[in-house]
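Q: For reference, the structure I am asking about is given below.
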Amino acid sequence: MSDSKDKANEANSPSPVPKAVVNRLSLYLRELQHLVRNGSETTNSTQLGNLLGFTDAQVRKDLAYFGQFGYPGIGYRCEQLIGEIRKILGTNRPWPVALIGVGNLGRALLGYRGFGQQGFRVVAAFDVLPEVAGQTIEGIPVYHLNDLEKLVKEKGIRLAVLAVPASAAQEVADRLVAAGIDGIMNFAPVTISPSKQVSVQGVDLAIELEQLAYEVANKAERE
């Protein structure tokens, strides 16, 4: 009897949203924000699709995972849809972020204004070098990594950006998880396997360039 109930519950539970759909939500959000900055009050699935290279059906299908946001004869109200997407993504509230590793990449990330524009605020940076700890870079204080656990708790940090060498990435990731971090954006060119269930988003710039090189190298064959 319990097996039947379990199967019924599984059938009634909502299907997980594909990761590709969530990725496209961020793209829709950026385009909507551009439209608003350019003075547009409304848009539609055809315009959004054309801007991003998707079909209008794809746009409607993606948004339909989360509800109905369009109006007959109008399409989408840009500001309203921005608010809805931010709510879905969880960025309708500020997220304090820690950055680990203040080398060349880390310093560049500290200066990136796009984080703040989307609701992410780097509140603390960490490094193992004594000469780096104690500095303030781009208005953000840099602490020694030994202070990680204390400051994660004090500042309510749940997200971290990892910009350390590949050889140190796994050890630092384990420390982040133990400190209470729930999500890690990993810029180190290596796959990390956290000891607990946390969300990890890998960003390997070399892989992105490899994919771009493949597209360019094979473009002539497709034409």
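The values are calculated or read from the model by the stated rules, or taken from the named source; none is laboratory data. Bear in mind the structure is a predicted one, so any value in this text is a computation, not a measurement. As a convention, Cβ positions derive from the backbone with ideal geometry for all residues, glycine included, and neighbour counts pool all protein chains shown. The area values use the complete protein model at the heavy-atom level, side chains included, leaving out ligands, DNA and RNA. Shrake-Rupley method; radii C 1.70, N 1.55, O 1.52, S 1.80 Å.
Q: Among the residues of the stretch 94-106, write down those that are part of a loop (DSSP other than H, G, I, E, B), surrounded by fewer than 18 Cβ atoms within 10 Å (Cβ to Cβ) and in contact with a Phe, Trp or Tyr (Cβ under 9 Å, 6 or more places away or on another chain).
A: Keep residues of the stretch 94-106 that are part of a loop (DSSP other than H, G, I, E, B), which gives 94, 101-103.
Applying the additional criterion that residues be surrounded by fewer than 18 Cβ atoms within 10 Å (Cβ to Cβ) yields 94, 103.
Once the filter is applied, which keeps residues that are part of a loop (DSSP other than H, G, I, E, B), surrounded by fewer than 18 Cβ atoms within 10 Å (Cβ to Cβ) and in contact with a Phe, Trp or Tyr (Cβ under 9 Å, 6 or more places away or on another chain), the stretch 94-106 yields only PRO94.
Q: Sticking with this structure for a sec: Among the residues of the stretch 82-91, is there at least one that is touching a residue at least 40 places away in the same chain (Cβ under 8 Å), touching a Phe, Trp or Tyr at 6+ places or on another chain (Cβ under 8 Å) and crowded, with 17+ Cβ neighbours inside 10 Å?
A: Residues of the stretch 82-91 that are touching a residue at least 40 places away in the same chain (Cβ under 8 Å), as a first pass: 82, 85-86, 88-89.
Next, from what is left, pick out any that are touching a Phe, Trp or Tyr at 6+ places or on another chain (Cβ under 8 Å): 85, 88.
Next cut, crowded, with 17+ Cβ neighbours inside 10 Å only: 85, 88.
Yes, the stretch 82-91 contains a residue that is touching a residue at least 40 places away in the same chain (Cβ under 8 Å), touching a Phe, Trp or Tyr at 6+ places or on another chain (Cβ under 8 Å) and crowded, with 17+ Cβ neighbours inside 10 Å.
Q: What pairs come out if I take residues in the stretch 188-215 that are under 18 Å from GLY106 (Cβ atoms) and pair them with residues that are exposed (fewer than 14 other Cβ atoms within 10 Å of the Cβ) and not aromatic (Phe, Trp, Tyr) whose C-beta lies under 7 Å away, six or more apart or interchain?
A: Going by the 7 Å Cβ cut-off, the qualifying pairs are ALA188/PRO165; ALA188/ALA166; PRO189/ALA166; PRO189/ALA206; VAL190/ALA166; GLY202/THR191.
Q: Just the residues that are under 22 Å from GLY119 (Cβ atoms), outside any loop (DSSP other than H, G, I, E, B) and either open to solvent by less than 60 Å² (accessible area, probe 1.4 Å) or not basic (Lys, Arg) (or both), please, taken from the stretch 24-42.
A: Passing the criteria: ARG24, LEU25, SER26, LEU27, TYR28, LEU29, GLU31, LEU32, GLN33, HIS34, LEU35, VAL36.
Q: Of all residues in the stretch 192-223, which are under 29 Å from HIS144 (Cβ atoms) and out of contact with any strand residue (DSSP E or B) (no Cβ under 7 Å at 6 or more places or on another chain)?
A: If we filter the stretch 192-223 for residues that are under 29 Å from HIS144 (Cβ atoms), which is where we start, we get 192-205.
If the condition is that a residue be under 29 Å from HIS144 (Cβ atoms) and out of contact with any strand residue (DSSP E or B) (no Cβ under 7 Å at 6 or more places or on another chain), then SER193, SER195, LYS196, GLN197, ASP204, LEU205 are the ones that fit.
Q: Would you call ILE207 at pLDDT below 95, part of a loop (DSSP other than H, G, I, E, B) and either farther than 16 Å from ALA98 by Cβ or touching a helix residue (DSSP H, G or I) at 6+ places or on another chain (Cβ under 9 Å) (or both)? Give the steps one after another, and end with the answer.
A: Values: at pLDDT below 95: yes; part of a loop (DSSP other than H, G, I, E, B): no; either farther than 16 Å from ALA98 by Cβ or touching a helix residue (DSSP H, G or I) at 6+ places or on another chain (Cβ under 9 Å) (or both): yes.
Criteria not met by ILE207.
Q: Got a number for residues in the stretch 48-73 being open to solvent by 70 Å² or more (accessible area, probe 1.4 Å) and touching a residue at least 24 places away in the same chain (Cβ under 8 Å)?
A: Residues meeting the conditions: 1.
Q: Working only within the stretch 138-166, note down all residues that are touching a helix residue (DSSP H, G or I) at 6+ places or on another chain (Cβ under 8 Å) and within 20 Å of PRO194 (Cα to Cα).
A: Step one: list which residues in the stretch 138-166 are touching a helix residue (DSSP H, G or I) at 6+ places or on another chain (Cβ under 8 Å), which gives 138, 140, 143, 145, 148-149, 152-153, 157, 160-164.
Across the stretch 138-166, the qualifying residues are LEU145, LEU148, GLU149, VAL152, LYS153, ILE157, ALA160, VAL161, LEU162, ALA163, VAL164.
Q: Test ASP147 against the criterion of being closer than 13 Å to ILE100 by Cβ, of a type in the set (Asp, Glu) and free of Cβ contacts under 8 Å to residues at least 60 places away in the same chain, and give yes or no.
A: Details: closer than 13 Å to ILE100 by Cβ: yes; of a type in the set (Asp, Glu): yes; free of Cβ contacts under 8 Å to residues at least 60 places away in the same chain: yes.
Here the answer is yes, as ASP147 does meet what is asked.
Q: Something else about it: Given the options ALA178, ALA173, ALA213, name the one that is within 23 Å of PRO96 (Cα to Cα), more than 21 Å from the chain's Cα centre (by Cα) and aliphatic (A, V, I, L, M). Break it down stepwise before answering.
A: Working: ALA173 fails: more than 21 Å from the chain's Cα centre (by Cα); ALA213 fails: within 23 Å of PRO96 (Cα to Cα).
The unique qualifying residue is ALA178.
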